[in-house]
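Only one structure is covered here, and it is reproduced in the block below.
The values are calculated or read from the model by the stated rules, or taken from the named source; none is laboratory data. Fair warning: this is a prediction, and the values are worked out from it, not measured in the lab. Neighbour counts are summed over all protein chains in view; Cβ atoms, including those assigned to glycine, are modelled from backbone coordinates with ideal geometry. Accessible surface is based on the protein model in full, side chains and every heavy atom, while ligands, DNA and RNA are left aside. Shrake-Rupley method; radii C 1.70, N 1.55, O 1.52, S 1.80 Å.
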Amino acid sequence: MAGRYLFPIVNSDGGPNFQYQQFVYSVFMALNTNRTIVLTDFNRHHTGAHHSIGIPFNTTFDSDIFNEFMPTVSMEEFRDECGSYVQNILVLPTYRNRPYSYVLHDYAKQKLWLDRRIGITIPENSIIPHSDRNIANMFKNLEHEKCVIMITPEAFHDTVRHPTDDVTESLYAHLVRTQFLRDTVSQVLPDICDGGNFVAFHWRNKTGEMCRNDNVGCEGTAEKQKQMLEILSRDIRNIQTKHNISCVFVAHSPEEPEHFLRLFRSYVSNVITMDDVTKLNNPGINFYNGDDYFMSLIEQEICARSEVFIGNGRSNWSFFIFRERRVFNREIGRASCRERV
């Protein structure tokens, strides 16, 4: 198994799809430096229960299929090859307006996670560069090292060289959900919208999420959201007419207020959600029911297979489906609403 390895440790302060995107950035880095990527853990959404319990890569994505794209190893194989102490760390002093103090806190958290999860120790935070001037030297110094750990790949978004469109498309074509999740959706699709075509719509109410605690500046938000939903509903009805589709599948956060669905159903007929899917008594659905992480993956797989998908351009959840659908030439619907909702 001799080679050179890159072990990405994703920042889990965001949702799972934010973490998946970080993994993609680390893949870019591994491709640029001719390294084998380590299949890291992911975490549930930071707002939910059991957030700190790692979810293995191969229970989210099909590792056999991804291994066809590039060489991979497990975290355990990385430890066996590199030992229980790894001194070669890729970490940036600041990124996307994050202060140095945040980077120190994040590094300490990732250091503890590595020790507890896989039994690997890394240096103290004194190795973190204090300015961007040291970044070039850091890359040069690690160029020939066998084992490198990458802390928070999101930080390298503007640093790492992105591959060509063909390579990026191939990456996403091989980053597919597990066979069990795909089979579960194949089993329930005949019972969704009577087995016919459907429009999938991802409602991600970012403004509403920020205003649930009566934040300053949220006056009039409910009325604005109602107006936006009216526009979106009109566009969805037009798409239904164009494609002769009568049914709409709505993906939304479990915390979304009930009045949103009531309002949407007053504008658009024949609307179904995951609540309806869970009533189908499918073994796979029953197995994951109540686990927001895996139910979200099932929801994404359903949206990925819809005739038309309308998502939120500011959502990592939607972005992942956009990428997936572009790879397989599936239609992405356009809505005239461009304001933040």
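Tabulated results
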read-out	value
Rounded to the nearest 10 Å², the accessible area of H243 at probe 1.4 Å	50
Extension gain, Q227 back to S266 (0.36 nm per residue minus Cα-Cα distance, nm)	12.7 nm
Global form of segment 236-341, assessed from the alpha-carbon gyration tensor, a/c cut-off 1.5	rounded
Segment 1-129 shape via C-alpha gyration tensor axes, a/c threshold 1.5	rounded
Full-extension gain in nm, E256 to R4, via 0.36 nm per residue minus C-alpha separation	86.2 nm
Convex hull volume per residue in cubic angstrom - Cα atoms of segment 246-297	82
Amide H partners (placed H, <5 Å) of Y5, local residues excluded	T36, C147, V148
Mean accessible surface per residue for the chain, computed with a 1.4 Å probe while every protein chain stays in place, in Å²	48
Distance-filtered residues of segment 74-92 - backbone nitrogen under 20 Å, label point 7 angstrom along S131 Cα→Cβ	91-92
Degrees, to the nearest 10: 179-188 long Cα axis against longest axis of the chain	0
FRET E, pair D13, E143, Förster distance 35 Å, beta-carbon r, rounded to 0.05	0.75
Under-5 Å amide H pairs with I310, H placed in peptide plane, nonlocal only	A200, F201, H202, G333
Mean Cα-pair separation over length for the chain, i.e. relative contact order, pairs under 8 Å, 6 or more apart, %	20
Modelled FRET efficiency - R0 30 Å, Q187 with R234, Cβ distances, 0.05 increments	0.35
Trypsin sites (Lys or Arg not before Pro), loop per DSSP, at most 14 other Cβ atoms within 10 Å - longest free stretch of the chain	213-313
Per-residue SASA entry for E258, accessible area with 1.4 Å probe, Å² rounded to 10	110
Portion, in percent, of the accessible area of the chain that falls on carbon or sulfur, probe 1.4 Å	46
The chain, helix-only ellipticity at 222 nm - DSSP H runs n ≥ 4, -39,500 (n - 2.57), divided by all residues, nearest 500	-13000 deg cm²/dmol
Amide H contacts of N11 (H built 1.01 Å from N, under 5 Å, at least 5 apart or other chain)	T152, E154
Label corresponding to semi-axes √(5λ) of the Cα gyration tensor in Å when calculated from the structure given, among (1) 37, 29, 18; (2) 34, 23, 20; (3) 38, 23, 18	(3)
Solvent exposure, largest accessible area first (probe 1.4 Å, DNA, RNA and ligands not counted), of H45, H174	H45, H174
